[in-house]
Structures are given as C-alpha cells and as structure tokens.
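First up is the structure itself, then whatever we jot down about it.
The values are calculated or read from the model by the stated rules, or taken from the named source; none is laboratory data. Given the structure is predicted, the values throughout are model-derived calculations rather than measurements. Cβ coordinates were reconstructed from backbone atoms using ideal geometry, including for glycine residues, and neighbour counts include every protein chain displayed.
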Amino acid sequence: MRTLLSKAAQNPQQLIIGLCVFMVVASGAAMQNVASTALAVMFILSLFYVRDWVVAWQSLEMAEKMVFIGFALYTLTALLSWMNASDTDEFVKQFGRYLRFTLIIPVYLVMRLKNIDVSRYLLAGVVLSGFVYLGFALNNLYLKPGQPAAGHYHHITFGDGAMLSVGVMSVMLLMPIKQPVYRFIIGLSLLCALYAAFMSQARGAWIVLPVYLLVFFGYNMASRQSALLKLLITAAVMAALVVLTPAGNIIEKRYTEAVTEVNQFFSGENIDTSIGHRLAMWSIAYDVWKEHPVIGSGLGDFDEDMVRYQRRGEYPEAVVYGSTHNIFVQAMVGTGVAGFLAMGFGLVIAPLLLFYRNKACHKPYATMGMLVIASYIIFGLSESWILRAPVISIYITYVIALSSILMNKKPGSLV
C-alpha cells in the first residue's frame, strides 16, 4: 500500500488517468454516466498542460499523428454538415458525440508527455468487467425474465461492452502469466462476460465472436498443438455455456427470427420487423444521400428525411428512427462522402496501422488494439454506435490507452 501511495504521489496524473481508464473499461457500458464522467475528468486534467500540447504533439510519431488527425477530420466533417441541417437541437446533441473524438487528443498528449503507463489499470478493469456485466445480466434475468440484459443503457450498448471484454480477455489468456490463479480468474471473468453478452440478445455483438476465436487460434501458431488445444477447450466451454443455460434458447430464437425477417422483407410479405425496418431505412438513406452527396443532409435530420420519403410512399410501414442502425450508412447520409472517408481513415485505417506496425515488439497490446477496431467495424454493421455516447467513450478510451502503452513501453515488455 505504501508503494502504491508513493507512486501516486510521484505521478498523480497517472493515477487519475489510470483510474478513469479502469472505470470505463470495467463498467462503461453498464453503469450510467461512468464513461462520460471519466472522459470529462481526463480532459479537465489535460487543460492544466495546455502550454505543453504543442511540444507533446511534435514528439509524437507519424502513426500517432495520423490517428488524431483522423479524429479531428471526423469531427470537422460533422461540423460541416451543419450547412444542411434543419433540426438545430438534434444537431447539437449529435455533434457532442463527434466532438469527443477531438477532445480526447489533449488527453493522449498528456499521457505521452508524462509517460503515463495505464497497462495495469486497463487489464484490471477488463478482468473486473466480466463480473460487473454478469451481475447486471443476472439482475435483469431476475427482474425481467426473457428480456434483454441492458444495465443502465440500451441492451445493444450493454452487449457490445460485454463482448468487447471477451475479446480483450481472450488475448490476455495468451500472455505469459506466472500465477495460475490469475489465469483462472481471467478465464472465469471471460465466461461471465460472454454469458452477459448472450443475455443482451444483441445480434451484432454475437457476430464478432467467430473473429475472436480465429484470433485466439492464430495468435500463437508457432505452437500449433497448444493453440489447437486451447481452442478446443474454449469451444467446449462455450458450447456447454450455450447448452446448459438460457443463452442457448435465446441464440436459437434470435437466429430464427433474423432469417425469417430477411425473407419476409425481400418477398414483400412483411417489413414490420427489426431487420425489415433496418433494410427499409438503408434504402431511404441511400435516396437521401443522393440529395447531398458531399457533406450529407446534416446530423440529426434523418428522422425528418425518412418521414418525407414515407409521405411519397416509400416504406410507409417502417418505424421512424433518428439513426440508420449502421455506421457506414449513417456516415454517408449524415455527413456525406467527406464524413464517410474521414470515418474510414480516422476510426479504422489509421488506428489499425498504428497497432499493426507495433505488433512485433508489443504483440499482446497490438493484437488487443486490432481486435477492438475489428469489433467496432462489425458492431457498426447493424447499429449506429457512432451516435451512442458510452460506446464512443469506450472506443476512444481503448484507442488512447493501447496506443500509449505501445508507444511508451520498451520493446518486448508486456505488463
């Protein structure tokens, strides 16, 4: 305890930012306002070093700069869409989500300036998250049997957070761990998070699971027998989890519903379904985008545009939403080609390149980073997470935490 207090006194910035990272990854998708508060605290801390921002920026490597230039451009394209926006209140509300990508930049500059190491906080938060998400899922199962586990947020947000923890912990299990009890705790937490993700009934979160299995298998191909054994054991445990718990019935039900809804939409039999509404929205969004292809129709206007097209007879049965439930379609309709390209570069390509280029010396953390980006791409196929504040906060927290770990640590170090 004295050692911890001594280190905290020597580097209070590391303690503050580390605890914020810990709270976001541990409970950001389940507990209300945790992620937003943590980001606010980190940003306020960064303001005390505003005079050092330029020096810190100049010290960054090009790969780091590209990530944050991409973040800034993404925010800028959202601002440009204001030229076509008609609902000012909704624009301001949505723009606040985009602004988070720019406000996180000075936080990262302080992390690099002060050589802040958040690796232990990040890993500890991820391990705790499995038990946190399970607690919320069981409470939901008790209070609302059959309903999606949701925590204090939407069940999709909850499912994404839980499944993301599964992916990160799957990489942690492949890291060299001296104490077997730690490996047991990580594995137990992983199963807890996996169960919570199943109970969320968020299909977008389930889709990413095969990617985690592939990474889990391919990570350690140099020892093929060991990797195969780990994969088989993991698959067996997951199968038991599905067969012996209510998660199995939920997965089967949701899969059957999805197949039926797709068939009904394309046959014209029924579009008044979850997937039917999504497909109808994407069709309308394409028509709206053609009106403003460069900078989009403006943030917060999609619901009005959808009503306008429905009055013309285009999918009048579809439920009107303020988002398209797809990040790529959302970017095109709201911010046009400019926003779509900025999102692709800033949120996907640039971070992937940074993590990939550092995988030789920092394989575990680099793999975690690439897994996070891949997860968010897949999540985005069926939901507009770029408009969900807690999901955005978790994304940018993982990006800055893993990037700083990669760039601050010496080659070969793990924890």
TODO: Please specify each residue of the stretch 113-141 satisfying the condition of being of a type in the set (S, T, N, Q) and modelled with pLDDT under 95.
DONE: 115, 119, 139, 140
Task: Lone unmet requirement of (1) farther than 17 Å from residue 26 by Cβ; (2) touching a residue at least 12 places away in the same chain (Cβ under 8 Å) for residue 62 - done: (2)
Open item on the list: Could you list, ordered by first residue, the pairs with Cβ atoms under 7 Å in which the first is in the stretch 299-321 and touching a residue at least 12 places away in the same chain (Cβ under 8 Å) and the second is among the hydroxyl-bearing types (Ser, Thr, Tyr), at least 6 apart or interchain?
Closed with: 299/81; 301/86; 302/323; 302/324; 303/321; 304/86; 305/297; 315/283
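Matching residues to (1) in a helix (DSSP H, G or I); (2) farther than 21 Å from residue 348 by Cβ; (3) among the β-branched types (Val, Ile, Thr):
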| position | (1), (2), (3) |
| --- | --- |
| 23 | yes, yes, no |
| 26 | yes, yes, no |
| 38 | yes, yes, no |
| 69 | yes, no, yes |
| 75 | yes, no, yes |
| 78 | yes, no, no |
| 92 | yes, yes, yes |
| 106 | yes, yes, no |
| 111 | yes, yes, no |
Task: Matching helices (runs of 4 or more DSSP H) fully within the stretch 317-415 where at least 2 residues are among the small types (Gly, Ala, Ser), within 23 Å of residue 26 (Cα to Cα) and within 18 Å of the chain's Cα centre (by Cα) - done: 363-379, 389-408
TODO: Would you confirm whether any residue within the stretch 87-99 is within 30 Å of residue 12 (Cα to Cα), at pLDDT 90 or above and of a type in the set (A, V, I, L, M, F, W, C)?
DONE: yes
TODO: Would you mind listing the helices (runs of 4 or more DSSP H) fully within the stretch 119-218 where at least 2 residues are of a type in the set (S, T, N, Q)?
DONE: 119-143, 155-172
